[in-house]
Structures are given as structure tokens and as C-alpha cells.
């Protein structure tokens, strides 16, 4: 990793942290309103974020864009296995209880919400539990995906 | 202009700016957007003698130092957003969570987040934003179940212990 790459990574992280705070998506109240269907705000944020992300990824793939350092851009395919369902549900339960997903945990600690340190320690514990039980959990891939071959979203 | 900056941003500003993280990160650094993998890399860095394959086999956290730099940035961004770019710093949790029961909820919730995101292979960043943008079916499925879990907690678990 080059020094330039490290600095740029840090700067984009700072950008994302600022956006998380200013968009209020790190607020427990917003998450609660979303799951009670009281307020369309979170749905509009998530859908517009995906729309912008999707167009961006399409353009990057279409023009085979490279990084500013000239490296090819590789977009990861994520395996489709029972963890998406089981792990996804478990994560969703934690998300609604704490009002935070992993990004907001970091942003909230930075924003001085130090109670989130407890959630962070919990998340590290949960990660360790996954590492411990990984070999006993089902991971059989359901479908092998070709890049860009799906109609998701 | 400045006053507008200091207020919470409307969805049509926030959403696109969150989505723009995907191409900005790819074009500037070549990184796929995602947060929860940082938990693994931090764990591996803290437990260098672990025998668990997830934290040691064919895997060196130093290859993923960028993930840790990125989340350090998110933490700094949280500070900047709340203390330098807000009219008044906000608190984003109900006061209830400062109680013993609330702390237990935050810890148990954290365990569910850590375990769930690692088993699912991503979180709302890696799956919902990055994965769906890249048209991954697995990410769409994971996102649907994030919402299933969230609805279960909100409607059936939170009412048990929220005052």
C-alpha cells in the first residue's frame, strides 16, 4: 500500500464519517422510525444511495475505469450462501437494538457517543464467536455468480 | 450556505453523498466499499497467536491495513461532523441506554452485529450499498434479511425492555 493510497483512504473515510453524521442515519431514532414505517426518510436515503452507487459501478465497469494510480479496478463478487440469510437476520436484530451498523459504530464513537464503545466491544466479541464457530456453520454456496449477470436491485 | 451545512441534511443530499462513497473510494484507492471486515482485521491484529482459521489461515491482517485506515477515517469524520459541522452536537441514542439494562442491550446488540455481519459477509455498507450497486444477488438477499431481523427486534424485542 502506497503512502498516497493510505492518505486517500483516510480522507474518504473522513468524508464518509461526516456524511453519516450529517445524514442522521446513525441515529437510533431514525432506525426505529424506519422499522416502524413512521418516516420514509431512511428508505429515501438508502434507495438514492443505491441508485447513485449502481450508476457509478455501471459506468466504472463500462469504461473499465482505473484508479488515479493507474491500477485496474476489481469489483468483488460476494458469495451467496446461508450466511446471507441467517447472519443477515442476526445482524438486522442487532442493528435495530443498538441503532447502529458497523460504520455508524465508528462514527458515533468519534462523535462522542461513548456508549457505543460497548457496542463495539460486543461487535468484536461477535466477530470472535463467528471465527470460533465458523467451521460448524453452513457456508455451502447456493449459486456461483458471474459478474453483472444478475437482475438484483 | 453555511447555515444549511450545519443543519441535518435532507435525504436527496445525504443519500447520493453516501452512494458517491462507492465510486470515490474505487477511483481514488481501488478499494471496495465496506466496513464490517474491519472487525476481522482488528481481531486478527489483536490476537496474533489465534489458531482459528478465520483469523490466521492464509490470511495476514497487514494486507488489509487499508480497511483499518478507512474506519479510522470514519471515526475522525464522526468527530468532525458532530463537533465542527453541526450547529449543536447531537446525541443519537435514547437516554434509556445509559442504564444497566440499556448497556446490556448495547453489548448484546453488538454481539449480534459482529456475528451477523461476518456470517453474512457484509453489512449495510458492503452489502446494501456496495453489493447491490454491483448487482450481487447475495447482497440483495442479505439486505432483505437485515430488514427481517430489524423488524423482529423493533416489533418484538425492543418492546420487552424499552421503558
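Where a number appears in this text, it was derived from the coordinates with a stated rule and is not lab data. Predicted, not measured: the structure shown is a model, and the values here were computed from it. Positions of Cβ are backbone-derived with ideal geometry, glycine not excepted, and every protein chain shown enters the neighbour counts.
Rounded is the label for chain B, because a/c, from the alpha-carbon gyration tensor with a ≥ b ≥ c as root eigenvalues, stays below 1.5. Contact order, relative form, for segment B:14-163: 26 percent (alpha carbon pairs under 8 Å, 6 or more residues apart, mean separation divided by residue count). Extension gain for residue B:62 to residue B:148 (0.36 nm times residue separation, less C-alpha to C-alpha distance): 27.5 nm. Once the chain from residue A:74 to residue A:44 is taken as fully extended at 0.36 nm per residue, the excess over their C-alpha distance is 8.0 nm.
Taking the number of Cβ atoms within 10 Å of each Cβ as an exposure proxy, the fewest-first ranking of A:39, A:33, B:63 is B:63, A:39, A:33. An oblate overall shape is assigned to segment B:23-109, the ratio a/c of its alpha-carbon gyration tensor axes (a ≥ b ≥ c) being 1.5 or greater and a/b not exceeding b/c. Here the residues A:93, A:34, ranked from fewest to most Cβ neighbours within 10 Å of their Cβ, fall in the order A:34, A:93.
The relative contact order of chain A, computed from alpha carbon pairs under 8 Å that lie at least 6 residues apart in sequence, is 30 percent. Assign one of three labels to segment B:55-106, namely rounded, prolate or oblate, based on the Cα gyration tensor with a ≥ b ≥ c the square roots of its eigenvalues; rounded applies when a/c is under 1.5, prolate when it is not and a/b is larger than b/c, and oblate otherwise. It is oblate, given that a/c is not under 1.5 and a/b is not larger than b/c. Efficiency by 1/(1 + (r/R0)^6): what FRET value for residue B:88 and residue B:4, r their Cβ-Cβ distance, R0 = 22 Å, to the nearest 0.05? So the FRET efficiency works out to roughly 0.90. Computed from the C-beta positions of residue A:1 and residue A:58, the FRET efficiency with R₀ = 30 Å rounds to 0.65. Computed from the Cα positions only, the extents of segment A:52-123 along the three principal axes stand at 44, 34, 20 Å, in decreasing order.
Note that segment A:70-109 carries a Kirkwood radius of 12.5 Å, evaluated over its alpha carbons pair by pair. Note on the protein assembly as shown: semi-axes of the ellipsoid equivalent to its C-alpha gyration tensor, largest first and rounded to whole Å, are 26, 24, 20.
With neighbours defined as other Cβ atoms within 10 Å of a residue's Cβ, the residues B:113, A:73 order from fewest to most as A:73, B:113.
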